[in-house]
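The values are calculated or read from the model by the stated rules, or taken from the named source; none is laboratory data. Here the structure is a predicted model, which is why all the values come from computation and not from measurement. Note: ideal-geometry Cβ built from the backbone for every residue, glycine included; neighbour counts use all protein chains shown.
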């Protein structure tokens, strides 16, 4: 009976994440396709006798591309900044949107921030450990003033890791963690719910 229970749990560990992932992708596809697709397909079906599956999804991708082009333009940036300022000031939305934007921006731009390695430092006091990201280890003036070899460590906040603190630690007091930056981000964003090595347990 115990073996049967172990096999069942092992099967759930493998199947449930796959099922949920596929389900989320299908829901996202159906949602984005339904925004414009259902209206266009009604027209196509009435006028041409057929409909085009996924046309709404394709149009959403083109819309995102257009917004991205506008967002990189000088005048487009100013317009979008005003729209975003108005949108993020709306009740309830102002509690959700800023945090979500920080998370998405942080994950998509992590390489631009120059995170070299994931580290563990004693902060804010001895005996308390905090995950951080090593950003630089070559500070001549700071090393000269302190008389020690110092490194810069970015300590992110939870759940919005885009904000945090830049703190200088003696190099010998910084402990390197052999985990990817993405795993460290998941730990921070989830408030510690995600564990390092979770991907390895599922065979990744």
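So that you can scan it fast, the table gives a plain yes or no per residue for (1) farther than 29 Å from residue 30 by Cβ; (2) modelled with pLDDT of 80 or more:
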{"position": "43", "(1), (2)": "no, no"}
{"position": "61", "(1), (2)": "no, yes"}
{"position": "66", "(1), (2)": "no, yes"}
{"position": "72", "(1), (2)": "yes, no"}
{"position": "78", "(1), (2)": "yes, no"}
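Just to check your reading of the model, which residue among 7, 51 is outside any helix (DSSP H, G or I) and modelled with pLDDT under 80? Let's see the steps before the verdict.
On the way: 7 fails: outside any helix (DSSP H, G or I).
Just one listed residue meets the conditions, 51.
Could you please let me know if residue 198 is modelled with pLDDT under 90 and under 30 Å from residue 12 (Cα atoms)? Steps first, answer last, please.
On the way: modelled with pLDDT under 90: yes; under 30 Å from residue 12 (Cα atoms): yes.
It is true that residue 198 is modelled with pLDDT under 90 and under 30 Å from residue 12 (Cα atoms).
Which is at pLDDT below 90, exposed (fewer than 12 other Cβ atoms within 10 Å of the Cβ) and either farther than 29 Å from residue 101 by Cβ or under 20 Å from the mean Cα position of the chain (by Cα) (or both), of 164, 127, 160? Steps first, please.
Working: 164 fails: exposed (fewer than 12 other Cβ atoms within 10 Å of the Cβ); 160 fails: exposed (fewer than 12 other Cβ atoms within 10 Å of the Cβ).
Answer to the selection: 127.
Suppose we filter 69, 52 for residues that are surrounded by 10 or more Cβ atoms within 10 Å (Cβ to Cβ) and closer than 30 Å to residue 80 by Cβ; which single one remains? Full working, then the answer.
Working: 52 fails: closer than 30 Å to residue 80 by Cβ.
Checking each option against the conditions leaves just 69.
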